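Below is one structure; the comments refer to it alone.
The values are calculated or read from the model by the stated rules, or taken from the named source; none is laboratory data. Being a predicted model, the structure only gives us computed values, none of them experimental. Note that each Cβ is placed from the backbone with ideal geometry, even for glycine, and that neighbours are counted across all protein chains shown.
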Amino acid sequence: MTHDEDHDEDDEDHDEDDEDHDEEEIPAIGSKEITPSPNIIEVFRNAGYELPAAIADLVDNSIDAKAKNVLVRFVRTKSALQTLQVIDDGKGMTSEELDVAMQFGSEKERSEDQHGLYGVGLKSASLSNCDSLTVVSRTRSGVVGARWTPEGARDGWKVDELDPELCRQKLLKIDAPQVNWQRSGTLILWNKVRNYSKATTPKDVDRFLKLRFQELRLHLGLHYHRIIEKGETTIHLDSFNSELGQRGPTETVRPIDPFNHPKTGKRGYPRDFRITAAGKCDLNMKMHIWPKKSNLREYKLDHVAERQGIYFYRNDRLIHGGGWGGEREDAEPHLNLARVAIDLPAEWQSEIRVFFNKSGVTVPTTFPEALRGATSDKGSIDWDTYIRDAQEVYRKKSAGSNLRPITAPGRGIPYSVKQALQRSFSMRPTDRVVLAWGDLPETEFFKIDNAADSPEISLTINSRFRKEILSGRPKTVSDAPLVRTLLYLLLEEQMGKQRLSAGDRERLTALNRALVAAAKEE
């Protein structure tokens, strides 16, 4: 978040001087057209887009195209990364619409509810990360394709037109069941992705993908949490091995709502505030105070201190998350629990300007004063009181919980169950339970593998009993959620121990015996 140095209070003075200023201008004797230098492409190539923000710009276009599903795919071989694809099942583009989409700074009309702003997102986001941008799109009228390369831009801003039949064949070859794009949709294809060259071994590729998936889960889950929660668009992540022709596991991006606290940190919050300005609608704010010592991912995000402060939303898409807009220092001690949500109306966007890459906002220098003058709908609370309340909750010693920390749930336990557990218990930071079906002797219902050199604890359920437990329901990575949760809670204490006592082993044997008998009764 930055501050606009062109102070709005100066506008009146400028208006008074306009007439004199106009009289002093040298009159024009004509005009001529000066085309932009092709070297401007370097500006876009060095726009500073981080990969998650660049991909988010592509997802914005998919959402504007009314896509129900968006797939972000990393194409790889065993020991190298090849391309990045973003595939959606939106309405697609005709040839004329594709020409506009490929134009830098296109002047097409955009409705206020769209996420696109300036007509540069697709190109700048892509060319800041790759050296070849291909767009293939399908509508009921046919398939079209085009490609931007730096060489084409330098050669008179030439964009490559692609053969429609070859584009159609390209779409047919893509194995993407997550996206229903048989009738319409769009493929964004990045070739010559710059940081792909750093991965030169299978281990490098696996590590690269693991880190990128973590970044995308957080960034996309946070910035689109409202849209995902409404069920308007689902975002998927996967990888595809082009040598083997195999898809990797699909991950669905989960919403990460930075205001989703299970209970408030102080009674009376969240509370509605508003900023009133002449000639504009009220700027509404919702002030939150998180409870202390939360273990929820929605609170921790990537860095708690930097996530305090103001969150600006535009059309339900998070634009900026954190900081105080100049009202006080960002990441101020004792304010980690304070977060403010602002939905940015269209008529305020000339004052609070969205960055071209939608990664932040610029606020006017009058904004801190406006914040301090914000009023509460209930009247008795002002801005300073809100700040003091948040600081007091942070400083106050908590009574503490009588519940001991538990071993954190990991893969194989449904997401909603994890959320419920994290809201009620604190988690041990070192261990994580991974629960899966596996082959075990008939005398065992489960097996615990707590390797000393691994932070993951394996809890295996005997797959001999899977059919009976599911009772005809489909097999999934987190099927039989009740059995999984009950087993996790039943065995959590033993799983948290590095060494089992003789009494622990005797208890596990007895539990196995009882559960095997119950499973056979199924």
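Inside the range 133-152, residues that are over 11 Å from C167 (Cα atoms), out of contact with any Phe, Trp or Tyr (no Cβ under 7 Å at 6 or more places or on another chain) and in a strand (DSSP E or B) make up a count of 3. Return yes or no: is H236 in the same structural domain as L71 (by TED's automatic domain parsing), out of contact with any Cys (no Cβ under 7 Å at 6 or more places or on another chain) and surrounded by 17 or more Cβ atoms within 10 Å (Cβ to Cβ)? So H236 fits the description; yes.
Each row is one residue, and each column tells you yes or no for (1) closer than 30 Å to P202 by Cβ; (2) in the same structural domain as E151 (by TED's automatic domain parsing); (3) aromatic (F, W, Y); (4) in a loop (DSSP other than H, G, I, E, B).
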| residue | (1), (2), (3), (4) |
| --- | --- |
| Y49 | yes, yes, yes, yes |
| A54 | yes, yes, no, no |
| L58 | yes, yes, no, no |
| S62 | no, yes, no, no |
| V72 | yes, yes, no, no |
| S79 | yes, yes, no, yes |
| G92 | no, yes, no, yes |
